[in-house]
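These notes are about the structure you will find just below.
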Amino acid sequence: MKNVKSLKNLICFVIFIMLALLMFFVPACAGNDNGMFDETKDPTVDSVQPDDDGKETEPENQEKEPEIQEREPELEFGFFYPYDGCAPKRLPALAYTSDTKEFDPNDVTIRIYYGYAFNFSEEYARENYGFNCSEFKIYCFNYDMYKDVVSNYHTLKNVSENIVSEKFRIKYKINDEGAYFKFNCSEEFTIPADVFCEERGQLYIGIGGVNLKKYGGPEYEVIDFKVLNYELEDSKVKLTPYG
């Protein structure tokens with residue numbers, strides 16, 4: 001009997017030891033998928049957690065990249081005309097944009113948009129409406145409005161192609177807000193520094209060419225021009241749209 005009692009005590013002791021070990025290891029195993037507690041994991045860092053639909057979401061304390069905002073040009077003209085109930089009497093053939101309106105005198109570079117607006121096909125417009133400009137150019141000059149004097153004329157680009165073509169077509173749409181013009185062609189041009197020959201004046205940018213159909217011969221016609229006021233101040237050229 002004594003031996004049986006000792007055996008029961010031994011079995012009870014072994015069971016107690018096993019329960020104690022289970023109570024110790026079960027919580028520790030819950031901290032790691034591999035059954036071991038990961039002491040290298042930083043508990044202060046948020047982990048990626050799945051949301052309600054099962055997709056992973058970023059931690060709340062993670063910094064987000066700032067959204068890129070499109071910058072509006074500081075200098076812009078020629079794309080939009082207010083609508084007064086009638087189509088514009090003269091469709092524009094020039095427009096311009098620039099990210100700044102203050103320039104170094106030797107680097108007055110702006111993007112110029114150019115072309116010609118016409119309906120129907122280019123062949124029909126040339127034959128039936130007299131729109132036939134077989135070559136054209138883009139130019140600039142200084143104008144002294146007080147003395148009525150033009151000076152420092154420069155040709156920015158010569159084009160030996162007909163401006164009445166799909167390549168140079170300007171598309172436009174008229175609605176309640178106004179008329180918006182979309183140009184197919186644009187280039188950056190640097191205005192020669194000698195154009196800004198006064199403390200203040202006007203920069204003219206023009207487009208013109210030879211219109212054979214309208215005049216019955218090779219005559220030059222001004223198609224369109226844009227005017228910018230300029231002012232020299234603190235060794236800078238400041239441009240503003242005229243009017």
Restricting to region 125-181, name every residue that is closer than 12 Å to ASN211 by Cα, among the hydrophobic types (A, V, I, L, M, F, W, C) and assigned to a strand (DSSP E or B). CYS133, PHE136
Are there any pairs with C-beta distances below 9 angstrom linking a residue in region 65-79 that is over 27 Å from PHE225 (Cβ atoms) to a residue that is modelled with pLDDT of 80 or more, with the two at least 6 apart or on different chains, and if so which? ARG71/ASP99
Going by the structure shown, is LYS238 in a strand (DSSP E or B), in contact with an Asp or Glu (Cβ under 6 Å, 6 or more places away or on another chain) and closer than 20 Å to SER151 by Cα? yes
Matching residues in region 206-220 (exposed (fewer than 15 other Cβ atoms within 10 Å of the Cβ) and farther than 17 Å from ALA125 by Cα) number 4
Does at least one position in region 101-109 carry a residue that is aromatic (Phe, Trp, Tyr), in contact (Cβ under 8 Å) with a residue 24 or more places away in the chain and either out of contact with any His (no Cβ under 8 Å at 6 or more places or on another chain) or within 19 Å of ASN229 (Cα to Cα) (or both)? yes
When every residue in region 71-98 that is at pLDDT 80 or above and in a loop (DSSP other than H, G, I, E, B) is compared, the one surrounded by the most Cβ atoms within 10 Å (Cβ to Cβ) is ALA93
Quick one: GLU221 ticks every box in (1) in a strand (DSSP E or B); (2) more than 16 Å from LYS101 (Cβ to Cβ); (3) acidic (Asp, Glu); (4) at pLDDT 95 or above bar one, so which box is it? (4)
Kindly indicate whether ASN175 is surrounded by fewer than 14 Cβ atoms within 10 Å (Cβ to Cβ), in the same structural domain as VAL108 (by TED's automatic domain parsing) and modelled with pLDDT under 95. yes
Evaluate the following for THR155: is it surrounded by fewer than 19 Cβ atoms within 10 Å (Cβ to Cβ), β-branched (Val, Ile, Thr) and closer than 27 Å to PHE80 by Cβ? no
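Residue by residue, here is whether (1) over 23 Å from the mean Cα position of the chain (by Cα); (2) touching a residue at least 12 places away in the same chain (Cβ under 8 Å) holds:
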| residue | (1), (2) |
| --- | --- |
| ILE163 | yes, yes |
| LYS167 | no, yes |
| LYS173 | no, no |
| PHE189 | no, yes |
| ALA193 | yes, yes |
| PHE196 | yes, yes |
| ARG200 | yes, yes |
| PRO218 | yes, no |
Counted residues, region 104-152 - those being within 23 Å of TYR180 (Cβ to Cβ), within 25 Å of the chain's Cα centre (by Cα) and exposed (fewer than 14 other Cβ atoms within 10 Å of the Cβ): 0
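The values are calculated or read from the model by the stated rules, or taken from the named source; none is laboratory data. For clarity, every value in this text was computed on a predicted model and none was experimentally measured. For neighbour counting, all protein chains shown are included, and Cβ atoms are generated from backbone atoms with ideal geometry for every residue, glycine included.
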